[in-house]
Amino acid sequence: MDIERMEEGEVTIVVVRGVIKLGESAKTFSRFLGEVLAKGSNPVLIDLEGIDYVDSTGLGELVGYLQRFEAQGRRLAFINPARRLRKLFELTRLNEVVPIFDDRARAIAELTCS
């Protein structure tokens, strides 16, 4: 798994590539999001375009951090999930609580509007 963080305007973008599943990748992902949560106040956009697979552990990490970001009053959204991942979000109804975008500029605009 490869994770990178960047700032674009007032939004923190987390780009994730590989898989998020039980074991080291889920731990790495969790630690990284924990650092983003602890070291900032910006809304966060998680770019999922490079994600090949997410298991229930990875999905649990996404949901858990959604709750933590919301508890701090921070917005969280996803961008560019693969079709398979988008279907998983629909099946679990995660798409009803987390905004999902296909366009980075639109996602940033939505996350930064009051």
Cβ-Cβ below 9 Å, separation at least six or inter-chain, first residue in region 76-98 and closer than 16 Å to residue 61 by Cβ, second assigned to a helix (DSSP H, G or I) and of a type in the set (Val, Ile, Thr): which pairs?
92/63; 94/63; 97/63; 98/63
Residue pairs within 6 Å by beta carbon, gap of at least six or interchain, first lying in region 6-22 and more than 21 Å from residue 59 (Cβ to Cβ), second of a type outside the set (Val, Ile, Thr) and in a strand (DSSP E or B), listed first then second, are 11/45
Among the residues of region 48-61, how many are over 13 Å from residue 94 (Cα atoms) and in contact (Cβ under 8 Å) with a residue 40 or more places away in the chain?
1
Can you report the number of residues in region 29-58 which are closer than 18 Å to residue 111 by Cβ, touching an Asp or Glu at 6+ places or on another chain (Cβ under 8 Å) and not hydrophobic (A, V, I, L, M, F, W, C)?
2
Considering residues of region 10-25 that are surrounded by fewer than 15 Cβ atoms within 10 Å (Cβ to Cβ) and over 13 Å from residue 40 (Cα atoms) only, the residue modelled with the lowest pLDDT
22
Restricting to region 4-31, what's the tally of residues that are under 11 Å from the mean Cα position of the chain (by Cα) and either within 23 Å of residue 112 (Cβ to Cβ) or not in a helix (DSSP H, G or I) (or both)?
5
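The values are calculated or read from the model by the stated rules, or taken from the named source; none is laboratory data. If you're wondering where the values come from, they're calculated on a predicted model, not measured in any experiment. So basically every Cβ, Gly included, is an ideal-geometry build from the backbone, and we count neighbours across all protein chains shown.
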